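**Student:** The structure is given below, and queries will be raised subsequently.
The values are calculated or read from the model by the stated rules, or taken from the named source; none is laboratory data. On a predicted model such as this, the values are computed, not experimentally measured, just so you know. In this analysis, Cβ positions are derived from the backbone assuming ideal geometry, glycine residues included, and neighbour counts consider all displayed protein chains. Ligands, DNA and RNA are stripped out before the accessible areas are found, and what is left, the full protein with its side chains, is counted by its heavy atoms. Shrake-Rupley method; radii C 1.70, N 1.55, O 1.52, S 1.80 Å.
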Amino acid sequence: MKIKESLGSKLFDAVNIFLMSILIIVMVYPLVYVFSASISDNAMVMSGRVVLWPKAINLIAYERLLGNPDLWISYWNTIRYTAVQTFLSLAVTSAMAYPLAKKGLPGRPLILFLAAFTLMFGGGMIPTFLVVQKLGLLDTMWAIVLPSLVSTWYLFIMRTFFEGLPEELEDAATIDGCGTMQVFLKIVLPLSLPVLVSIGLFTAVNQWNSFFDALIYLNDRSMYPLQIMLRNIIIAGSNVQGEGNTDYIETLKYAMITIATVPILCVYPFIQKYFVQGTMIGGIKG
């Protein structure tokens, strides 16, 4: 039987649809504009004639970028930095969060306090740089990966998720002869896929978009990630070949933004269900 909605309910739905429509337009328009500008004539873009749809379509910016070997080197660096940090971050964070979810862990309150302390106070940029330098990590991948390997915020989210898992499952596995590591790998981690995917996505996006660490710790151009190349083009205003020709520099900026953004956007549709479920479950308990 169809339930008749009240006038207030209909009005509430209408306002929600209106607000969500505006929000969608606000989020989608920049993406459409950047892509349109990247395939438009440079003069059209600079004169402000490109508002939504492309004008005088040409692909010279993409030809210049895709033909530049520095782009592919930067792409490979970004992919490996992102993949290594995401994997290690999930491994280390989950390995630390699981025992902290057990109330019988000796020294648990002190460990949680020290972890929470890092949310309020950090070592600072210069001390961190000196540590990385003394460890001989400059101009290596580990200078990008290790300093930001563990996020305390993600640690607490994962700990909260682990606390919500039924203890009966772990007890049953223990009775069947599983050790602590087997319980963790075969029971806990498979059940924690939503929160692992969510935190992995946040970590990957942060690393993919990061350029400041590379700017500080890397001097070797062959180690530069994609975002350093993007920064050089957009902020410094230089083209990919370091020449004075600016016939396509404006469209080059938008083409570079598109190339740097599309891969990470393509990941979202495949993990959306895990992302939504993981963020909701991780915030249920305090």
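**Student:** Among the residues of segment 82-96, are any more than 16 Å from Gly200 (Cα to Cα) and open to solvent by less than 50 Å² (accessible area, probe 1.4 Å)? Quick ask: steps written out before the conclusion?
**Tutor:** Step one: filter segment 82-96 for residues more than 16 Å from Gly200 (Cα to Cα), giving none.
The answer is no; no qualifying residue exists.
**Student:** Does Thr152 satisfy the criteria of being free of Cβ contacts under 8 Å to residues at least 60 places away in the same chain, closer than 30 Å to Tyr224 by Cβ and within 18 Å of the chain's Cα centre (by Cα)?
**Tutor:** For Thr152, the condition - free of Cβ contacts under 8 Å to residues at least 60 places away in the same chain, closer than 30 Å to Tyr224 by Cβ and within 18 Å of the chain's Cα centre (by Cα) - is met.
**Student:** Do we find a residue being of a type in the set (Gly, Ala, Ser), part of a helix (DSSP H, G or I) and at pLDDT below 85 anywhere in segment 214-225?
**Tutor:** No, segment 214-225 has no match at all.
**Student:** Go through (1) touching a Leu at 6+ places or on another chain (Cβ under 8 Å); (2) closer than 28 Å to Arg221 by Cβ for Tyr29 and report which single condition fails.
**Tutor:** Condition (2) is where Tyr29 drops out.
**Student:** What are the residues in segment 201-213 that are under 16 Å from Asp139 (Cα atoms) and not in a loop (DSSP other than H, G, I, E, B), if any?
**Tutor:** Phe212, Asp213
**Student:** Kindly indicate which of Ala116, Ala143, Ala101, Ala91 is without any contact (Cβ under 8 Å) to a residue 12 or more places away in the chain and hydrophobic (A, V, I, L, M, F, W, C). Please lay out each step first, then the result.
**Tutor:** Working: Ala116 fails: without any contact (Cβ under 8 Å) to a residue 12 or more places away in the chain; Ala143 fails: without any contact (Cβ under 8 Å) to a residue 12 or more places away in the chain; Ala101 fails: without any contact (Cβ under 8 Å) to a residue 12 or more places away in the chain.
Ala91 is the lone residue from the list that is without any contact (Cβ under 8 Å) to a residue 12 or more places away in the chain and hydrophobic (A, V, I, L, M, F, W, C).
**Student:** Still on this model: Among the residues of segment 42-69, which ones are open to solvent by less than 40 Å² (accessible area, probe 1.4 Å) and β-branched (Val, Ile, Thr)?
**Tutor:** Listed by number, the residues that qualify are Val45, Val50.
**Student:** Could you check Trp72 against (1) modelled with pLDDT of 85 or more; (2) open to solvent by 50 Å² or more (accessible area, probe 1.4 Å); (3) over 21 Å from Pro263 (Cβ atoms) and say which number it fails?
**Tutor:** (3) is the only condition that Trp72 fails.
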